[in-house]
Amino acid sequence: MKYIFYFLFLAFSVQAQLKGVVKDSISGQPIPYVNIWVENENIGTTSELDGTFTINTTSDKVLIFSALGFASKKIKADKIESIVLKNEAIALHEVIIAPPKRDSEIVIGNYNKGSINHYFACGTSPFIVAKFFPFTKEMEQHSFLKSLLVLTKAKKGNAKFVLRFFEVNPDGSPGNDLIAQNIVVPIKKGKKDTSIDLESYKIKVPTNGFFVAVEWLIIEDNRYEYKFTKVNEGSKKFDGVDYDPRVGTIPSEETSTWGYYKGKWRNNNFKNSQTESARYKDKYLELAMKLTLTN
């Protein structure tokens, strides 16, 4: 009997490819670009345009579903065949009461494309990297976001990420979203300055600062395969899978970066000590971004 029990235990612990679909609780329509994590693990995926997803895990795990404009949800992996998410109201700032004049602008942040050779990437799991922008004296007269420039690098020509903006929590971590719309950014192949026009969103920056974030998507459009070798394995080639894009980083003496993975925000408070680059050695990494604001 002990032998039989042990066999069953192993069977239930084996990973399987589980499939499901995410839908809006009101309209019943599929929800694309929902990021899905295994709770407390760096394993995840993203729903496609038709709301479908697959994830490799065991049925006893708990999955976290997260999407802009919807309340996050946790559910056991053996009950994911059809997931419904409820709309969540986002408290927005008074962006319509004081519309932008757009006759003057300032630029916050900068980077040199040619000097960047370090990047943030997601690997094979959903990931969000957020950069904090403190409120400055200049922003008092230029408090509307006009455009954003960010350095990206992609293997494919149809890759994309989601751009998000967050308020600041009392503990300094990213808080609520500043806008209710998903800003899906298409990425061109190669190392590019990716420009995003933000004027139509009428985003007014909070007086205690804000976060600009890149959210990676584990979708087919971003997936690419490659070959690699292993240490002590000679010239033998192995198959690898990764997801676009990479997003450029600049070195910094102070950390302004937070990362969201395993379903939680974490401060990126470790220095880059594993590099041969003198410019990046023992420095914090922050997103390579150039932000233009208008009045």
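For the structure I just gave you, tell me whether E138 is assigned to a helix (DSSP H, G or I) and closer than 30 Å to S104 by Cα. Spelling it out, E138 is indeed assigned to a helix (DSSP H, G or I) and closer than 30 Å to S104 by Cα. Scanning the range 29-56 for residues that are of a type outside the set (S, T, N, Q), within 14 Å of the chain's Cα centre (by Cα) and farther than 15 Å from K74 by Cα gives a single hit, Y33. Within the set K2, K86, the sole residue that is farther than 25 Å from E220 by Cβ and at pLDDT 80 or above turns out to be K86. Might you check whether a residue that is surrounded by fewer than 17 Cβ atoms within 10 Å (Cβ to Cβ), assigned to a strand (DSSP E or B) and touching a residue at least 60 places away in the same chain (Cβ under 8 Å) occurs anywhere in the range 273-282? Looking for residues that are surrounded by fewer than 17 Cβ atoms within 10 Å (Cβ to Cβ), assigned to a strand (DSSP E or B) and touching a residue at least 60 places away in the same chain (Cβ under 8 Å), one finds none in the range 273-282, hence no. Within the range 231-240, is even one residue of a type outside the set (D, E, K, R), out of contact with any strand residue (DSSP E or B) (no Cβ under 6 Å at 6 or more places or on another chain) and surrounded by 11 or more Cβ atoms within 10 Å (Cβ to Cβ)? No, every residue in the range 231-240 fails to be of a type outside the set (D, E, K, R), out of contact with any strand residue (DSSP E or B) (no Cβ under 6 Å at 6 or more places or on another chain) and surrounded by 11 or more Cβ atoms within 10 Å (Cβ to Cβ).
The values are calculated or read from the model by the stated rules, or taken from the named source; none is laboratory data. Predicted model, so just to flag it, every value in this text is computed and none were measured. Please note: Cβ atoms are built from the backbone with ideal geometry, for glycine as well, and neighbour counts cover all protein chains shown.
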